[in-house]
Amino acid sequence: MSPAAAFFEDIWVMVNDGVYEPAEDTFMLCANLDTTSADTVLELGTGCGLVAIVAARTGARVIATDQSSLAIQNAKSNVAFYNLQNQIEIRQGSFFDPIKPGEQFSLIAFNPPYLPGTTNDPAFDPTWSGGKEGREVTEIFLSQCSKYLLPTGRLLLIQSTLSNPEKTRKYLERHFHTAQIKVEKSFFFERLLLFEAIKPISTSSSKKL
């Protein structure tokens with residue numbers, strides 16, 4: 001198959017086979033980054049690199065990670081197309097494994113796989129499957145993210161009504177100074193929510209969800 005193309009405002013990226021194709025959840029995140037040249041951004045699960053490119057175009061410095069080698073190569077190609085290699089560093093690894101000791105960020109952005117599904121499902125795809133209840137990836141992320149945020153840092157996290165976002169809301173309200181649903185959008189089978197949480201109360205966020 002030929003690579004697909006994705007567009008956000010004036011940004012165009014190629015999406016290779018085996019890489020998550022940007023959709024409404026990606027565009028919701030892109031439209032609400034609110035980054036400036038003062039920001040240091042970590043994007044987990046960068047896929048084709050669109051979110052990282054949008055952030056870098058505002059002047060932010062970005063580290064973008066993905067566990068997929070296909071995504072890493074795709075993101076590097078798109079970043080090079082916009083000549084943003086000096087602003088965006090692409091690293092391969094799962095969750096926060098690629099982050100070096102002491103690195104912290106003013107924004108962590110994540111559009112995780114959030115739909116219910118397991119490897120036993122005929123249509124299973126790791127780019128969208130978040131485990132049996134759709135929360136496996138989200139819960140691992142939440143248990144680790146706080147220590148990688150600067151004291152005044154922000155978290156942006158996409159969730160779906162198909163995977164119990166109320167549980168995410170309660171967790172964020174317990175562990176962060178402020179938490180809110182920044183944007184939500186309804187579709188025929190789900191509602192997408194973009195959570196924003198600011199300034200963790202402490203560096204420990206490992207309590208059970």
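Just to be sure before I move on: is Val15 touching a Leu at 6+ places or on another chain (Cβ under 9 Å), surrounded by 21 or more Cβ atoms within 10 Å (Cβ to Cβ) and either closer than 23 Å to Pro98 by Cα or modelled with pLDDT of 95 or more (or both) in the structure I sent? Here the answer is no, as Val15 does not meet what is asked. Are any of the residues in the stretch 105-118 at pLDDT 95 or above, of a type in the set (Ser, Thr, Tyr) and not in a loop (DSSP other than H, G, I, E, B)? Yes.
Of all residues in the stretch 1-29, those that are on the phi > 0 side of the Ramachandran plot have Cβ atoms under 6 Å from Cβ atoms of residues that are not acidic (Asp, Glu), 6 or more apart or on another chain, in Gly18/Leu70. Of everything in the stretch 1-38 that's closer than 18 Å to Ala109 by Cβ, of a type in the set (Ser, Thr, Tyr) and assigned to a loop (DSSP other than H, G, I, E, B), which residue is nearest to the chain's Cα centre (by Cα)? Only one residue fits best here, namely Tyr20.
The values are calculated or read from the model by the stated rules, or taken from the named source; none is laboratory data. The structure displayed is predicted, hence computed values, not measured ones. Note: ideal-geometry Cβ built from the backbone for every residue, glycine included; neighbour counts use all protein chains shown.
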